[in-house]
Amino acid sequence: MDEVKLGPGGVPDWLAPMVRFCSRCGTELRFGPIEGEERDRLRCPSCGFVFYVNPRLVVTTLPITDRGEVMLIRRGIAPGFNQWAQPGGFLEIDETVRDAAIRETLEETGLRVEPGSIVGLYSRVPAAVVVIAFEARIVGGAPTVTPESLETRPFAPAGIPWPEIAFETSILALRDWVARVRPDLPLPDPSTIHRDFGA
């Protein structure tokens, strides 16, 4: 597992500038031991508010065609620009994971889907996210280019471009799906696929 670099506030370096002050009273947060807690945390010395740094939920789908192919997007944004991934994004506060899966897939691919079984749940600790991947049946729409995707196209289980997959969590989800639908196919070792971004 990749080591997460924690700054002086006990949070990932990239997140530290966003969690410097108490959201209740505005006092600068301090990192240290808290009575009754097993780990050091950010705490407000004025009002006692404890800031828990928890991961965000990313909801994704593996949209499956009638021919049993998976639709992937060539990402049009960073991280993973110009690399392949399944459609997905952050869960909004007012939606269910199923609703988020449908919305994100439509936004990124132009496809309407019906989420089915969960393929897996994956952690990207350095990015502070947990990724859920649904297998999804395509029920409408048409593949299109969007601000977030340069291309949307189908791949047979044997034709997935493993070295061009954007994220380790995408590789893991695709591996789990291929193992389910085509257990006869060899699967890549994620640790052998080099990436210069994300996790």
Restricting attention to the range 48-100, report how many residues are of a type in the set (S, T, N, Q), surrounded by fewer than 21 Cβ atoms within 10 Å (Cβ to Cβ) and within 14 Å of PHE134 (Cβ to Cβ). 1
If I filter the range 119-132 for residues that are of a type in the set (A, V, I, L, M), assigned to a helix (DSSP H, G or I), over 23 Å from ILE160 (Cα atoms) and not assigned by TED's automatic domain parsing to the domain that holds LEU15, do I get at least one hit? yes
Name the pairs whose Cβ atoms lie under 9 Å apart, with the first residue in the range 44-59 and in contact (Cβ under 8 Å) with a residue 60 or more places away in the chain and over 13 Å from LEU15 (Cα atoms), the second of a type in the set (S, T, N, Q) and outside any loop (DSSP other than H, G, I, E, B), and 6 or more positions between them or separate chains? VAL58/THR169
Which number in (1) touching a Lys or Arg at 6+ places or on another chain (Cβ under 9 Å); (2) surrounded by fewer than 17 Cβ atoms within 10 Å (Cβ to Cβ); (3) not aliphatic (A, V, I, L, M) marks the one condition that SER123 misses? (1)
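For (1) touching a Ser or Thr at 6+ places or on another chain (Cβ under 9 Å); (2) acidic (Asp, Glu); (3) part of a strand (DSSP E or B), each residue gets a yes or a no:
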residue: CYS25; (1), (2), (3): yes, no, no
residue: ILE34; (1), (2), (3): no, no, no
residue: PRO45; (1), (2), (3): yes, no, no
residue: GLY48; (1), (2), (3): no, no, no
residue: GLY68; (1), (2), (3): no, no, no
residue: LEU72; (1), (2), (3): yes, no, yes
residue: ASN82; (1), (2), (3): no, no, no
Has the range 52-68 got at least one residue that is out of contact with any Gly (no Cβ under 9 Å at 6 or more places or on another chain), aromatic (Phe, Trp, Tyr) and at pLDDT below 95? yes
Could you tell me which of the residues GLU95, GLU135 is of a type in the set (Asp, Glu), part of a strand (DSSP E or B) and either in contact with a Leu (Cβ under 8 Å, 6 or more places away or on another chain) or at pLDDT 95 or above (or both)? GLU135
Kindly indicate whether ARG103 is free of Cβ contacts under 8 Å to residues at least 24 places away in the same chain, surrounded by 14 or more Cβ atoms within 10 Å (Cβ to Cβ) and under 15 Å from GLY88 (Cα atoms). yes
Taking the range 107-117 and keeping residues surrounded by fewer than 21 Cβ atoms within 10 Å (Cβ to Cβ) and in contact with a strand residue (DSSP E or B) (Cβ under 6 Å, 6 or more places away or on another chain) leaves GLY110, ARG112, GLU114, GLY116, SER117
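The values are calculated or read from the model by the stated rules, or taken from the named source; none is laboratory data. The model shown is predicted, which means the values in this text are computed figures rather than measured ones. Don't worry about glycine lacking a Cβ; one is built from the backbone with ideal geometry, like all the others, and counts go over all protein chains shown.
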